[in-house]
Amino acid sequence: MTNRSLTKKIIELQQLGYEQDFFKSDYDELICLQLDQRFPLDAVEIKLIDQQYDFMSHSFKYLHTVDTDSGQKGIALSNDILTLKKKTRLVHWQLPVNQALFAGS
C-alpha cells in the first residue's frame, strides 16, 4: 500500500536528521511547526524526494526535504511541488548509482 511506503520514507528521512516539519505559507515562506520559525524561500534548499498517491485523501502527495541556511533540517509534505522564487535552490535527489553496473558497457 502506498501510504505505508510514504510513512516508511518519512521515517527514513527522520533517521537521517530531517526531524522538523515545514509547510509553505501564503506569504512565500516556509514555517517550521516545532520551532514556530519562518524562513524566506531564498534561505532554504528544497529537495523533491518522492511522489506517492495517498489513498486516504485520494490525491498525490509530494515529499520534500528542507535544509535551512541556519542548519534546521526537516520535511515538507504537500499536495504540490513547492513553488520557488528565483534564488531558491531546488534539487532532485538521486540515489547513488552503482558504478559496477556500468563497468562492462
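The values are calculated or read from the model by the stated rules, or taken from the named source; none is laboratory data. Note that the structure is a prediction, hence the values are computed from the model and not measured. Cβ coordinates were reconstructed from backbone atoms using ideal geometry, including for glycine residues, and neighbour counts include every protein chain displayed.
Taking into account only those residues within region 1-54 that are crowded, with 16+ Cβ neighbours inside 10 Å and of a type in the set (S, T, N, Q), which is farthest from the chain's Cα centre (by Cα)?
52
Take the residues in region 1-51 that are small (Gly, Ala, Ser) and more than 13 Å from residue 73 (Cα to Cα), then tell me which one is modelled with the highest pLDDT.
Residue satisfying both the conditions and the ranking: 25.
So which residues in region 69-105 are of a type in the set (A, V, I, L, M, F, W, C), under 24 Å from residue 7 (Cα atoms), at pLDDT below 65 and assigned to a loop (DSSP other than H, G, I, E, B)?
Result: 93, 95.
In region 1-68, which strands (runs of 3 or more DSSP E) lie fully inside it and hold 3 or more residues that are hydrophobic (A, V, I, L, M, F, W, C)?
29-32, 44-54, 59-68
Identify all residues within region 61-83 that are surrounded by fewer than 14 Cβ atoms within 10 Å (Cβ to Cβ) and without any contact (Cβ under 8 Å) to a residue 24 or more places away in the chain; write none if there are none.
71, 79, 80
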